[in-house]
1. So what J values fall out for segment 222-231 if you push phi through Karplus, 6.51 cos²θ - 1.76 cosθ + 1.60 with θ = phi - 60°, rounded to Hz, Gly and Pro as x?
2. Based on the Cβ-Cβ distance from Arg286 to Trp135, what FRET efficiency comes out when R0 is 30 Å, to the nearest 0.05?
3. Cα centroid distance between segment 161-187 and segment 245-310, in Å?
4. For the ranges 229-236, 189-196, 290-297, what's the packing order if you count other beta-carbon atoms within 10 Å of each residue, average per peptide, and put the highest first?
5. How large are Rg and Dmax for segment 188-257 when only the alpha carbon atoms are used, in Å?
6. Which ³J(HN,Hα) values in Hz, rounded to whole numbers, follow from the phi angles of segment 101-118 under the Karplus curve 6.51 cos²θ - 1.76 cosθ + 1.60, where θ = phi - 60° and Gly and Pro get x?
7. At R0 = 41 Å, how high is the FRET efficiency between Ser88 and Ala248 if r is their beta carbon distance? Nearest 0.05 is fine.
8. Would you mind working out the magnitude of the charge dipole of segment 188-257 relative to its Cα centre, with +1 at each Lys and Arg C-beta and -1 at each Asp and Glu C-beta, to the nearest 20 Debye?
Amino acid sequence: MHSSDRPSSDRASAIQKTHNENGRAPAPDDAQAESLRHTQRSASRRANIAVSLIPVLVILITFLFWYQTWFGRRLSDREMQQYLTDTSVPHKSQHALAQLADEIARDRAHAVRWYPQVLALAENKEAEFRLMSAWVMGQDNQSPQFHQALLRLLEDSQPMVRRNAALALVRFGDASGEAELRNMLEPFNLIAPVAGTLSFRLKVSDEVPRGSVAARINSGNGEPIEVHSPVEGVLSELRVSDGATVVAGEKIAILAPSEQQIWESLRGLYFVGGTQSLADVERFTRNAPEISERIREQAAATAKEIRRRAKPQP
C-alpha cells in the first residue's frame, strides 16, 4: 500500500469520531435526534432558571413596594422638598409630613424650613392633606403661624379636619376647639348625598372605619353613588330601611363614637375643658357594658380636673 492510501492520524481520528459504540457511523436521523435532545435540554435549563427566579422577583417587588410606601424610611432633604411641594403622589406627601412631625420633636430649628409647605398643605383641596397638616402643626406649639392656621381649620367642612385641629390646639393651651372636642363624644349622622334607592353595605354593631363605604345609592343616573363615612365609629342605628328611597340630605344612619375617639376627646378636655363640658364627660363615668374601664377612668380624671380649674382660687 502506498503512503497516499494510508489515512493520516487526523483523518483516522475524524473517522473514529463518526462511529458509534457499535462501530457504525451515525445515520443522519440520529444526528438530528441528538441535536433536538440538546435543544430540549437547553430549553429545560432555561425554564428551570426562569421558574426559580419567579419567587426571587416576587420577594424583590414586594420589598421595593414596601420600602417605597413605608413611612419609617428616611427621606432625603431633596425628597422632603419634592414631596411636600408636589402632591401628585399622596402617600409620598403623607410620608414627608410624618417624617416632619418626628423632626419637629427632635430638632425644631432644622424643621422650620419646611413650615411654608405645611401651611400650604393646610389649605389644600384634599381633606387628607389638611387633616395631616393639622396633626403636624400640633407638634410645634411655639409657632404663631401654625396656631393661626389651626384656628382656621376649626371651620373646615370635614369633621376629621376640625377634630384634628381641635386636638392640636390643646397643645397650644387653646380651648377654642372645646366645642369640637365635645362633638367627638356625640353620635354622628350619616347623610345621603343624593336622592335614590338606598342599599346598606353594613349592619348594626359593625365597626365603621373612616372613609369606608357604608351604603350605596342608585340615583338612576349610571353607577351607584357610594356613601363614605367621614369619621370612624360603630353603626348604632339605621334611620331608614334597606332598599328605601331617600332624598338628598336625609339622615340614613347613626354612628356611635369609637373608643379611640372618645379617649382622644377626654384627654383633650382634661387640659382645656370648662364646666360646659362637664355633663358630657360625666356620661362616660357610669358603669355600663359599652364603656370600658379605660374610658371610665379617663372620664373620671377629666371631670375631676375640670372641677379643679372651675374652683375659685383662694
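FYI, it's all coordinate maths here, none of it is from the lab. From a predicted model like this one, the values you see are computed outputs, not experimental measurements. Note: ideal-geometry Cβ built from the backbone for every residue, glycine included; neighbour counts use all protein chains shown.
1. Result, ordered by residue: x, 5, x, 8, 7, 9, 8, 7, x, 10 Hz.
2. The computed FRET efficiency comes out at 0.45.
3. 12 Å
4. So the order, starting with the most tightly packed, is 229-236, 189-196, 290-297.
5. 10.9, 34
6. For segment 101-118, the Karplus-derived couplings read 4, 5, 5, 4, 5, 7, 8, 4, 4, 6, 7, 4, 4, 8, 4, x, 5, 5 Hz, x marking Gly and Pro.
7. Given R0 = 41 Å and the Cβ-Cβ separation, E is 0.80.
8. Computed about the Cα centre, the dipole is about 60 debye.
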